[in-house]
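Okay, structure first, notes after.
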Amino acid sequence: MLAIGRFGMLTARMVDIPRLTRRSALALAAASAAVLAEARAGASPPSGTITALPAHRLAAMIAARKASSVEVTGAYLDRIARLNPSVNAIVGLQDRAGLLGQAAAADAAVAAGGPLGALHGLPHAVKDLAAVAGLPWTMGSPIFRDQVAKADGLMVERLRKAGAIFVGKTNSPEFGLGSHTFNPVWGVTRNPWDVTRSAGGSSGGAAVALALDLLPLADGSDYGGSLRNPAGWNNVFGMRPSLGRVPGDGPDDWLTSMGVAGPMARSVADLALLLSVQVGYDARKPMMLEGSGEALRAVRPEGMRGKRIGWSGDLGGAVPYEPGVLETCRKALRRFEDMGAVVEEAVPDFPVEQAWQAFVKLRHWQQGGGLLAYYRDPAQRALLKEAAVWEVEGGLGLSAFDVNAWSAVRSGWSRAVHKLFQRYDYWVMPTAQLFPFPADWTYPKEIAGQTMRTYHEWMKAVCLVTLTGCPVVAVPAGFGPAGLPMGLQIVAPVHGDAACLAAAAAWEAASGDILARKPPLV
């Protein structure tokens with residue numbers, strides 16, 4: 001029986017995969033075999049340029065029969081075979097022949113002229129915190145080392161319906177805890193800009209796969225910066241949507257977790273494409289927002305002239321940064337000024353330390369609650385990482401009234417941010433407080449001489465944005481003194497997901513020189 005716990009967006013409700021009728025299945029299999037045979041016999045080897053093309057263009061080419069899914073999938077599998085061993089981004093890779101068979105079926109469906117999903121024929125790997133039927137589902141924990149998911153989670157259900165071909169999983173830290181991707185099941189994921197460094201996390205495998213063109217798109221989840229930090233550290237895009245935008249898989253449908261699922265991509269148009277598939281109301285999750293995601297695909301760069309941007313930097317001295325981080329981001333912000341935007345120092349009018357403590361306590365409650373069953377079993381507790389035990393034990397020290405009080409503190413912080421948005425259109429901060437650190441560290445113990453009190457305090461400036469429920473797009477900001485990437489969080493008001501994407505698209509249009517740089521590993 002599959003274990004279901006509450007890890008924010010980390011667990012999955014089990015749902016059945018739709019089954020074809022016997023007649024339609026046989027017809028499709030025959031057509032698939034014909035397409036695959038034709039591709040093997042007559043198609044030229046996949047071009048190396050295929051994997052560099054934007055996902056939205058590849059999807060359009062497959063739908064128009066200007067490229068085949070067999071060709072595209074094969075090109076990505078070739079690249080994975082060549083580069084993935086150096087970084088360990090994709091885990092649980094599936095059999096090549098079986099994947100090409102699925103690609104041939106996708107091509108047969110195109111030839112049949114039926115309706116196609118937005119991701120039809122594109123290879124995809126799902127973060128290993130979400131369930132994909134028939135694939136490993138370890139959550140990076142030795143407790144689930146041999147677990148194979150029996151059915152799809154809610155978000156994966158949507159990816160499958162859109163036509164994605166699941167080639168494997170992307171690596172994540174154990175239960176998604178910590179913004180550094182390593183675990184005892186799959187090992188460490190390495191940064192392609194310097195393989196001795198961390199890839200970030202918890203969507204580290206997803207970000208690295210994008211940076212090296214191992215996947216056209218990648219999904220992730222974000223509680224304490226897991227879609228934002230790895231995007232910044234790998235020079236790609238990541239989006240944390242507004243709360244309620246993408247369905248979660250936790251067992252509690254009413255007390256909403258601060259964790260969300262979202263997209264990662266190499267361009268804003270691709271980010272919007274994947275988000276458009278992920279979002280939308282589901283009656284099984286009554287707290288979700290109404291509306292579909294199709295309109296998001298039409299994202300265009302916003303005119304930034306006259307827009308006001310609040311830059312919080314170190315939040316008035318409350319958050320330490322490694323030398324070079326703030327300088328890299330301030331330099332990057334000149335691009336917005338060159339577009340006509342006004343950038344000013346701005347800090348929410350609320351005690352930062354109080355807001356941080358609210359994050360820590362509420363995370364104990366939400367993350368620790370999902371781990372409690374394993375903690376109570378002595379054999380399983382011995383297999384939990386230190387951070388997991390710490391979250392559970394922190395939660396055990398909270399009463400229901402404590403949770404209520406800390407939630408009120410969170411509300412005070414989010415109201416202060418709402419007030420900031422009365423003056424500014426967007427709020428901006430770095431995606432991490434230091435550049436990628438050595439991969440053999442568990443986490444950085446100090447920054448700029450200040451001791452980190454927890455395993456995640458080095459992500460404080462990102463976690464404080466989580467508290468607000470606002471949508472955020474992480475965009476590449478440039479490179480520090482050692483040539484390592486850093487990103488910017490572009491934050492929009494709650495439910496302003498489309499505006500957030502439009503601002504990121506404007507940034508992208510002005511940052512071609514940053515985006516053109518490729519990792520040394522390539």
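The values are calculated or read from the model by the stated rules, or taken from the named source; none is laboratory data. The model shown is predicted, which means the values in this text are computed figures rather than measured ones. Glycine gets a Cβ as well: all are built from the backbone with ideal geometry, and neighbour counts include every protein chain shown.
Of everything in region 58-82 that is among the small types (G, A, S) and in a helix (DSSP H, G or I), the residue that is farthest from the chain's Cα centre (by Cα) is A63. Residue pairs whose Cβ atoms lie under 7 Å apart, sitting 6 or more positions apart in sequence or on different chains, and linking a residue in region 498-522 that is closer than 30 Å to D78 by Cα to a partner that is surrounded by fewer than 15 Cβ atoms within 10 Å (Cβ to Cβ) and hydroxyl-bearing (S, T, Y), are L521/S86. Picking from residues in region 297-314 that are within 25 Å of the chain's Cα centre (by Cα) and assigned to a loop (DSSP other than H, G, I, E, B), the one that is surrounded by the fewest Cβ atoms within 10 Å (Cβ to Cβ) is R300.
Suppose we filter A112, A106 for residues that are farther than 15 Å from G168 by Cα, in contact (Cβ under 8 Å) with a residue 24 or more places away in the chain and crowded, with 20+ Cβ neighbours inside 10 Å; which single one remains?
Result: A106 is the single residue among A112, A106 that is farther than 15 Å from G168 by Cα, in contact (Cβ under 8 Å) with a residue 24 or more places away in the chain and crowded, with 20+ Cβ neighbours inside 10 Å.
Taken over region 83-108, the criterion of being within 22 Å of D128 (Cβ to Cβ), under 26 Å from the mean Cα position of the chain (by Cα) and either assigned to a helix (DSSP H, G or I) or hydroxyl-bearing (S, T, Y) (or both) is satisfied by L83, N84, P85, S86, V87, R96, L99, Q102.
In this entry, A509 passes the filter for residues that are modelled with pLDDT of 95 or more, out of contact with any Asp or Glu (no Cβ under 9 Å at 6 or more places or on another chain) and farther than 30 Å from W356 by Cβ. Evaluation of I447 against the conditions (1) of a type in the set (A, V, I, L, M, F, W, C); (2) touching a Pro at 6+ places or on another chain (Cβ under 7 Å); (3) over 30 Å from G394 (Cβ atoms) shows that the sole unmet condition is (3). In a residue-by-residue description of region 201-210, the property of being farther than 23 Å from V428 by Cα, under 10 Å from the mean Cα position of the chain (by Cα) and in contact (Cβ under 8 Å) with a residue 24 or more places away in the chain applies to at least one position.
Considering only residues in region 230-279 that are aliphatic (A, V, I, L, M) and touching a Lys or Arg at 6+ places or on another chain (Cβ under 7 Å), the one that is nearest to V156 (Cα to Cα) turns out to be V277.
Could you say whether any residue in region 116-136 is more than 23 Å from the chain's Cα centre (by Cα) and crowded, with 24+ Cβ neighbours inside 10 Å? No: zero hits.
Quick check: is even one residue across region 234-250 assigned to a strand (DSSP E or B) and free of Cβ contacts under 8 Å to residues at least 60 places away in the same chain? No, that holds for no residue.
Which one of these is outside any helix (DSSP H, G or I), surrounded by 19 or more Cβ atoms within 10 Å (Cβ to Cβ) and of a type in the set (G, A, S): A432, A461? It would help to see each step written out before you state the result.
On the way: A461 fails: outside any helix (DSSP H, G or I).
That would be A432, the only listed residue that is outside any helix (DSSP H, G or I), surrounded by 19 or more Cβ atoms within 10 Å (Cβ to Cβ) and of a type in the set (G, A, S).
Is there a residue in region 275-296 that is aliphatic (A, V, I, L, M), in contact with a helix residue (DSSP H, G or I) (Cβ under 8 Å, 6 or more places away or on another chain), modelled with pLDDT of 95 or more and part of a helix (DSSP H, G or I)? Yes, region 275-296 contains a residue that is aliphatic (A, V, I, L, M), in contact with a helix residue (DSSP H, G or I) (Cβ under 8 Å, 6 or more places away or on another chain), modelled with pLDDT of 95 or more and part of a helix (DSSP H, G or I).
Could you tell me whether region 215-222 includes any residue that is surrounded by fewer than 24 Cβ atoms within 10 Å (Cβ to Cβ) and either hydroxyl-bearing (S, T, Y) or in a helix (DSSP H, G or I) (or both)? Checked against the condition, which is being surrounded by fewer than 24 Cβ atoms within 10 Å (Cβ to Cβ) and either hydroxyl-bearing (S, T, Y) or in a helix (DSSP H, G or I) (or both), region 215-222 yields no hits at all.
V185 meets all of the listed conditions (1) outside any strand (DSSP E or B); (2) buried (at least 24 other Cβ atoms within 10 Å of the Cβ); (3) aliphatic (A, V, I, L, M); (4) over 11 Å from the mean Cα position of the chain (by Cα) but one, namely (2).
The C-beta contact set for region 305-333 (first residue closer than 13 Å to M429 by Cβ, second residue surrounded by 20 or more Cβ atoms within 10 Å (Cβ to Cβ) and among the charged types (D, E, K, R), distance under 8 angstrom, 6+ apart or interchain) comprises V319/K460.
For region 464-486, a residue qualifies if it is outside any strand (DSSP E or B) and of a type in the set (G, A, S), and the qualifying residues are G469, G480, A482, G483. Taking (1) among the charged types (D, E, K, R); (2) in a loop (DSSP other than H, G, I, E, B); (3) over 30 Å from E337 (Cβ atoms) in turn, R423 satisfies each apart from (3).
Can you find even one residue in region 40-54 that is modelled with pLDDT of 95 or more and in a loop (DSSP other than H, G, I, E, B)? Looking for residues that are modelled with pLDDT of 95 or more and in a loop (DSSP other than H, G, I, E, B), one finds at least one in region 40-54, hence yes.
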